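Working notes for the structure below.
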Amino acid sequence: MEMMKQDKFNFMLDRRRLLTLGTAGLVCAAFPMSTSAEAADADKAIRDLFGDGELNEGRVTVDLPPIAENGNSVAIKVTVDSPMTQKNHVRRIAIISPRNPLAEVAEFQLGPRAGKAEVATRIRMAGTQTIRAVAEMSDGSLWLGKASTVVTLAACIIG
Amino acid sequence: MRWPAPVIALAAAACTPAPTADEAREKLPASALISGYEFLQADTQALQDDDFANPGFLWVDRGRALFAAAPQQSKACAACHGEDGAELKGAAAHYPSVDETTGKLTNIEGRINLCRTRHQGLEPLNYETDDLLSLTAFVSHLSRGEPVKVDVSGPAEVWYRRGEDYFFTRRGQYNLACNQCHNDNWGRQLRGDTISQGHGTAFPGYRFEWQSLGSLQRRLRDCDAGVRAEPLAYGSDDYLAVELYLAKRAEGLPIEVPGVRR
Amino acid sequence: MSIRISAPDTASRDEIIELKALIQHPMETGYRRNNRGEIIERDIITTFECTYDGDTVFQARFHPGIAANPFLTFYTRATRSGTLEFRWTDQNGQSWSETHSLSVE
């Protein structure tokens, strides 16, 4: 009798742990981590978009929250230090993710009429990562900014 | 023979019978009610407060347009309820309530469908359709800031008790009752989240998890799925009863529609 | 399709104005599976364009990594009174747009 009771409780403990582990293996609904959706190469995406030019660090600021409330929607703001004149402005800004199935998240085309080199949007993040933003200037130079966000699992995963 | 502590604790939790008497059902003190808003990160709170960027307003806007439009061979909601729902301001704070004619507990979705069938000669709308979500969001939004206040006496009492029973009954593979997380353990961490008190004042609301606006019943279905219980059908009597119980439990907290939640 | 635009009604010449655009769209990634395990087809808005009296002042290209119900904040210089048009186009070429009149002193 004693033995049976203990088995039953151990079984429940194991099953509960199994369920918890099983559900912990799931990621947010937007990006299931199946083998067919592996993270693309962020560096390659940058080269494809902007060519092989040198990536200078600086001038680009990426604002992201330290922890994402939910990986499905994370507020991001990219600001580039530029006078935005006809002679000296930002041509393009790209947001690149090293862990999403597709590295390129968005590309923005600005120009002197933009007045201010700043864009804000909401992106999906498939897990904790460092998002990169690359800006291409009117003189062809490339500038890189980065910021990291921790993306946690939801409390009750519905899957 | 000594059993390890976690096994004993689990055994105790699993074997304790659910409380049957009212006295055993410890409730949240009215002075200590906290909205789910307080458990959000600052950025998410800011998004809910942003009357432009709050994605829930996409449905409120649409609801406003539907409210004003006269469907074919029928009159618009506005014809009875005033332009832009002027006469419905504050109404949603008193729902769910018992409908006089059917004698049944009715939530906002149900009331909208009763109006459609009784007064507009239209077909009822299904839960989670854009149209019903939009109308519900618009009507509830007219009560934003109003403290919830519901009647649980008379014909409503049996529904209130039913909702209370549901709230305190363990269910699902995890064998958990709502009160165990939302009365006993709110404020503590569950993975990356902080457990809230489980109020429904933000719904219909925009959930990041859904990437859409959704009804309170959709959230209740997610609650059931969360403890690995079979979610009930939309519009089920149990969920209606739970809506009333939750409203009474949250009495005094303001309506936040359209809320933003994880 | 539910759309929200935030733009000033008036501005002084050469003032940099803030523009916000929000549209309801599921931005289905093409990576999710349904209950039967089948892939749910990608369905996303792919481009956004803001024109100012016909001149393009801002463009965006979206990929599935943009959150559902895409939201944008961007800027433009108020040059003269005119019409701002905000246009979204999806992967199938379907588009939605809204305009806003701007008065510049």
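Table for the structure above
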read-out: Residue match in the stretch C:27-43 (condition: under 23 Å from residue B:57 (Cα atoms), surrounded by 16 or more Cβ atoms within 10 Å (Cβ to Cβ) and in contact (Cβ under 8 Å) with a residue 40 or more places away in the chain); value: yes
read-out: The stretch B:128-150: number of residues that are within 14 Å of residue B:59 (Cβ to Cβ), among the β-branched types (Val, Ile, Thr) and in contact (Cβ under 8 Å) with a residue 24 or more places away in the chain; value: 2
read-out: Residue B:78 more than 30 Å from residue C:25 (Cβ to Cβ) and of a type outside the set (Phe, Trp, Tyr); value: no
read-out: When residues of the stretch C:75-105 are limited to those that are over 10 Å from the mean Cα position of the chain (by Cα) and closer than 26 Å to residue A:100 by Cβ, the one surrounded by the most Cβ atoms within 10 Å (Cβ to Cβ); value: C:90
read-out: Within the stretch A:115-126, tally of residues that are at pLDDT 95 or above, at the interface with another protein chain (Cβ under 7 Å from one of its Cβ atoms) and under 23 Å from residue C:79 (Cα atoms); value: 4
read-out: Test: residue in the stretch B:114-126 that is of a type in the set (Gly, Ala, Ser) and closer than 29 Å to residue B:210 by Cα; value: no
read-out: Count - residues of the stretch A:58-89 that are hydrophobic (A, V, I, L, M, F, W, C) and either within 11 Å of chain C (Cβ to nearest Cβ) or over 30 Å from residue C:15 (Cα atoms) (or both); value: 7
read-out: Residues that are of a type in the set (S, T, N, Q) and in contact (Cβ under 8 Å) with a residue 60 or more places away in the chain, drawn from the stretch C:1-26; value: C:10, C:12
read-out: Boolean, residue A:99 is modelled with pLDDT of 95 or more and within 10 Å of the chain's Cα centre (by Cα); value: no
read-out: Residue among B:205, B:226, B:235 that is within 12 Å of another protein chain (Cβ to nearest Cβ) and not β-branched (Val, Ile, Thr); value: B:226
read-out: Long-range neighbours under 9 Å by Cβ, at least six apart or interchain, first residue within 12 Å of residue C:49 (Cα to Cα) within the stretch C:82-98, second among the basic types (Lys, Arg) and in a strand (DSSP E or B); value: C:95/C:87; C:96/C:87; C:97/C:87; C:98/C:4; C:98/C:87
read-out: Failed item in (1) among the aromatic types (Phe, Trp, Tyr); (2) facing chain A (nearest Cβ under 10 Å); (3) buried (at least 24 other Cβ atoms within 10 Å of the Cβ), with residue B:245 passing the rest; value: (2)
read-out: Residue list for the stretch C:57-96, filter: assigned to a strand (DSSP E or B), facing chain A (nearest Cβ under 8 Å) and among the hydroxyl-bearing types (Ser, Thr, Tyr); value: C:73, C:75, C:76
read-out: Residue list for the stretch A:90-100, filter: more than 7 Å from chain C (Cβ to nearest Cβ) and without any contact (Cβ under 8 Å) to a residue 60 or more places away in the chain; value: A:90, A:91, A:92, A:93, A:94, A:95, A:96, A:98
read-out: Residue check for residue A:103: more than 7 Å from every other protein chain (Cβ to nearest Cβ), in contact with a helix residue (DSSP H, G or I) (Cβ under 7 Å, 6 or more places away or on another chain) and either polar (S, T, N, Q) or in contact (Cβ under 8 Å) with a residue 12 or more places away in the chain (or both); value: yes
read-out: Neighbours by Cβ (under 7 Å, 6+ apart or cross-chain): first from the stretch B:241-256, of a type in the set (Gly, Ala, Ser); second in a helix (DSSP H, G or I); value: B:241/B:159; B:241/B:162; B:241/B:163; B:241/B:166; B:252/B:30
read-out: Filter result (assigned to a loop (DSSP other than H, G, I, E, B), among the hydrophobic types (A, V, I, L, M, F, W, C) and under 19 Å from the mean Cα position of the chain (by Cα)) within the stretch B:40-80; value: B:40
read-out: Residue among B:236, B:212 that alone is of a type in the set (Ser, Thr, Tyr), over 18 Å from residue B:27 (Cβ atoms), surrounded by fewer than 23 Cβ atoms within 10 Å (Cβ to Cβ) and within 15 Å of the chain's Cα centre (by Cα); value: B:236
read-out: Selection count, the stretch C:24-37, where residues are within 14 Å of residue B:213 (Cβ to Cβ) and facing chain B (nearest Cβ under 8 Å); value: 2
read-out: Any hit, the stretch C:15-33, residues being polar (S, T, N, Q) and not in a loop (DSSP other than H, G, I, E, B); value: no
read-out: Test result for residue B:217, crowded, with 21+ Cβ neighbours inside 10 Å and on the phi > 0 side of the Ramachandran plot; value: no
read-out: Residue within the stretch B:205-214 that is farther than 21 Å from residue B:58 by Cβ and not in a helix (DSSP H, G or I) present; value: no
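The values are calculated or read from the model by the stated rules, or taken from the named source; none is laboratory data. Keep in mind that this is a model prediction, so the values were computed, not measured. As a convention, Cβ positions derive from the backbone with ideal geometry for all residues, glycine included, and neighbour counts pool all protein chains shown.
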